[in-house]
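Just so you know, all these numbers are worked out from the coordinates, no wet-lab data involved. All of these numbers come straight from a predicted model, not from anything done at the bench. Cβ placement follows ideal geometry from the backbone for every residue including glycine, while neighbour counts extend to all protein chains displayed.
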Amino acid sequence: MLSFVAFSLRRAWQGFWRNAVMSIAATATMVLMLVLLSAFFVVLSGLDAGLQFVEQKVEVVAELRDDAPDLKISQLQADIAALPEVQSVEYIDKATALAQFKQRMAEQGREDLTQYLDANPLPATLNIKLKDPHEFGSVVSTLRARTDVVATVEEVQNLVDRVLTVTNVLRTGGLVLLGLVGLTVLFIIVNTIRLAVVARAEEIEIMRLVGASDAFIRWPFIFEGALVGLLGALITLVLLALGAAPLSNLATRFFEILPLELGSLSRNLAIIVLATGIGLGTLGSYVSVRSYLLK
Amino acid sequence: MASPNAAPPRAAARSLRDQPAAHLIAESRDDQAILVLHDVTKTYPNGKTALRDVDLVIPEGDFVFLVGASGAGKSTLIKLLIRDEIASKGAVILDGLDLARLNRREVPRIRRKIGIIFQDFKLLPTKTVRENVGFALEVTGTPRRQIGPAVERVLALVGLSAQAAQLPSQLSGGEQQRTAIARALVHDPRLIIADEPTGNLDPLISWEIIQLLSRINELGVTVLMATHNAEIVTALRRRVVALEDGRITRDELGAAYHRED
């Protein structure tokens, strides 16, 4: 068994170098396709991060009664914060609300009209950020039930629906596009490897004629395909690492507002590139050799 | 648990089907025949019938010329022998094994009992003579330390020891064919099948190849050679099997290429 694996690996290595032109062509195709796939993955990750950022802007706002005692407000705040779907609860008292209103007016260069008022007309509010913008239902109903504290809850249904429709369309579109690119990559790589195998049809025929078992014919080719995939993936990762610094300098200003974690992104990307490369290399060889062994 | 009732009827059906073949296998053992074709017909999926009712018995150690025009069925016959194709009707029994009954996984084992030689040599251009011959052992799982001595032995037999490190492109046609013969021999086959082995060679070299095959035959290996080369067939006066339109029209010992009566 061990000698069979050693034999297959040795033959795969020989096969790769003795057919250097085809091997290099297959590897180059692999690299091009994996770079394409990586670029798509990065762009889609950016898109997804942007969409998450937009979705997090959706919050539930409860206007509080002016006569609600502070104790009950802080109790409600704690109750809401304890709900599983809530990410954070912020209490804005009347004075802060007025100050924020004044600041907004000033930023827009409008006259501060509040100075003519003898009382503060703005309600205190609880601003609730959700973990998932879909799940506002129970938060809203909990707030509405507390009529002793809560005056009104802003209707967020419409806003949430609209934002989510747009982000879902963009996400689905992105995934469909990634799927199409993935399929293209699959066909091109499998076909390139098929060419490399077809170029050695005579070798396979001779192996069959001298009485090599299917396993002895198949495994060296599969290892060779995996080798092409591994090599292609490693070259791709090197290229990406070289290209990452200048690209991220460019993109940092754009991405800095987004919750994009570059560390986990590059780790995911490395895993995807390696798995795709080795997987497709292996699959391509398997499929190609199979058609010769089926006879 | 599998039902115990399921097995016996199936086994019975099998043994019924196996009966004629079993009978032939026993017969082939008695006669020391390496190869028996019984009533073999081969019809391809496109409807073309390449062989009709072929009966042929080749005893161990025989030297047989298979002659006939292109399209007479020689190639199909050879394909049946190496189980590249399966007979539509009848039995092909090689060394006591019915090829039609052979499991796909057992085919490689049968092929190792046969050495095959082609008109176009079928050598791997990127491998040296030594590697081309060793390849046949390597890909059938022979331990590496046994490959070297076996290869040197057959290279000596075909007279190519001095060219062992050369590539096929550096060899003459005759040397390339001798490399192919060495590769066919390295498994110690019981039967050598040569399909037009001299088709690409000039007359002098052809004679060298025939002499080599005769010497191998003298060592006890059965040789079946398909050929168009009338001069060689007539000169050697061996057994001649002639195919015409898929039928055996002549099977004579000590015969010439053409019918003499």
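Taking amide H as placed 1.01 Å from N in the peptide plane, B:I34 has its amide H under 5 Å from the amide H of B:I58, B:E60, each at least 5 places away in sequence or on another chain. When you restrict to C-alpha pairs under 8 Å that are six or more residues apart and normalise by the size of chain B, the relative contact order lands at 24 percent.
What share of the DSSP beta bridges in chain B is antiparallel, in percent to the nearest 5?
On the way: 19 of 37 bridges.
If I count the DSSP bridges inside chain B, around 50 percent turn out antiparallel.
Which whole number gives the average count of other chain Cβ atoms within 10 Å of the Cβ atoms across peptide A:198-211?
Values: counts 0, 0, 2, 0, 5, 7, 0, 2, 11, 7, 6, 12, 18, 17.
Mean shielding by partner chains, rounded to a whole number: 6.
Amide hydrogen proximity for B:K122: with H placed 1.01 Å from N in the peptide plane, no residue at 5 or more positions away or on another chain lies under 5 Å.
Which percent, nearest 5, of DSSP beta bridges in region A:59-155 are antiparallel? Each step should come with its number before you reach the end.
Numbers: 14 of 14 bridges.
The answer is about 100 percent antiparallel.
Sites counted here are GluC sites (Glu not before Pro) in a DSSP loop (not H, G, I, E or B) having no more than 16 other Cβ atoms within 10 Å; the longest part of chain A that contains none of them is A:156-255.
Please give the helix B:144-158 orientation as an angle from the longest Cα principal axis of chain B, in degrees from 0 to 90, rounded to the nearest 10. That works out to roughly 70 degrees. Residues of region B:226-249 falling in the label zone of B:A256, defined by backbone nitrogen less than 11 Å from a point 7 Å along Cα to beta-carbon, are B:231, B:234-235.
Estimated from helical segments only, the mean residue ellipticity of the protein assembly as shown at 222 nm is -19000 deg cm²/dmol, where each DSSP H run of four or more residues counts as -39500 (n - 2.57). Taking amide H as placed 1.01 Å from N in the peptide plane, the amide H of A:N19 sits under 5 Å from none that are at least 5 places away or on another chain. Distance between the pseudo-spin-label points of A:L239 and A:S291 (7 Å out from Cα toward the beta carbon): 2.6 nm. At an R0 of 35 angstrom, the distance between the Cβ atoms of A:E202 and A:L47 translates into a FRET efficiency of 0.10.
For the peptide B:133-141, the mean number of other protein chain Cβ atoms found within 10 angstrom of a residue's Cβ is 5.
Sum up the charges of everything whose Cβ sits under 9 Å from the Cβ of B:V67, counting Lys and Arg as +1 and Asp and Glu as -1, but leave B:V67 out. Don't jump to the answer; show the numbers that get you there.
Numbers: positive: B:K74, B:R250; negative: none.
For residues surrounding B:V67, the net value is +2.
Against the longest alpha carbon principal axis of chain B, how many degrees, from 0 to 90 and to the nearest 10, is the axis of helix B:129-138 turned? Approximately 20 degrees, to the nearest 10.
FRET efficiency for B:E231 and A:L9, Cβ-Cβ distance as r, R0 = 60 Å, nearest 0.05?
Details: r = 50 Å, r/R0 = 0.83.
Computed FRET efficiency for B:E231 and A:L9 comes out at 0.75.
Once whole DSSP H runs in chain A are found, which of them have Cα atoms spread over 30 Å or more along the helix axis and a mean Kyte-Doolittle score of at least 0.5?
Working: long enough: A:20-56 (52 Å, 1.69); A:157-198 (60 Å, 1.48); A:214-255 (56 Å, 1.41); A:262-293 (45 Å, 1.06).
Length and hydropathy pass: A:20-56, A:157-198, A:214-255, A:262-293.
Just subtract the alpha-carbon distance of B:E152 and B:R247 from 0.36 nm times their residue separation and send over the number in nm, one decimal.
Values: separation 95, 0.36 × 95 = 34.20 nm, distance 4.15 nm.
Contour length minus Cα-Cα distance gives 30.0 nm.
In loop segments of region B:220-256 as defined by DSSP, there are no GluC sites (Glu not before Pro) with at most 15 further C-beta atoms inside 10 Å of their C-beta. For region A:224-246 versus region B:177-227, the inter-centroid distance based on Cα atoms is 50 Å.
Set the Förster distance to 60 Å, then compute FRET efficiency between B:Y44 and A:R171 from the Cβ-Cβ distance, nearest 0.05. Walk me through the numbers before you get to the answer.
Numbers: r = 55 Å, r/R0 = 0.91.
E between B:Y44 and A:R171, to the nearest 0.05, is 0.65.
Between the Cα long axis of helix B:203-218 and the first principal axis of chain B there is an angle of about 50°, rounded to the nearest 10.
Counting only DSSP beta bridges with both residues in the protein assembly as shown, what percent are antiparallel, rounded to the nearest 5? Could the numbers behind the result be given before it?
Numbers: 33 of 51 bridges.
Bridges in the protein assembly as shown are about 65 percent antiparallel.
In loop segments of region A:55-95 as defined by DSSP, the trypsin sites (Lys or Arg not before Pro) with at most 13 further C-beta atoms inside 10 Å of their C-beta are A:K57.
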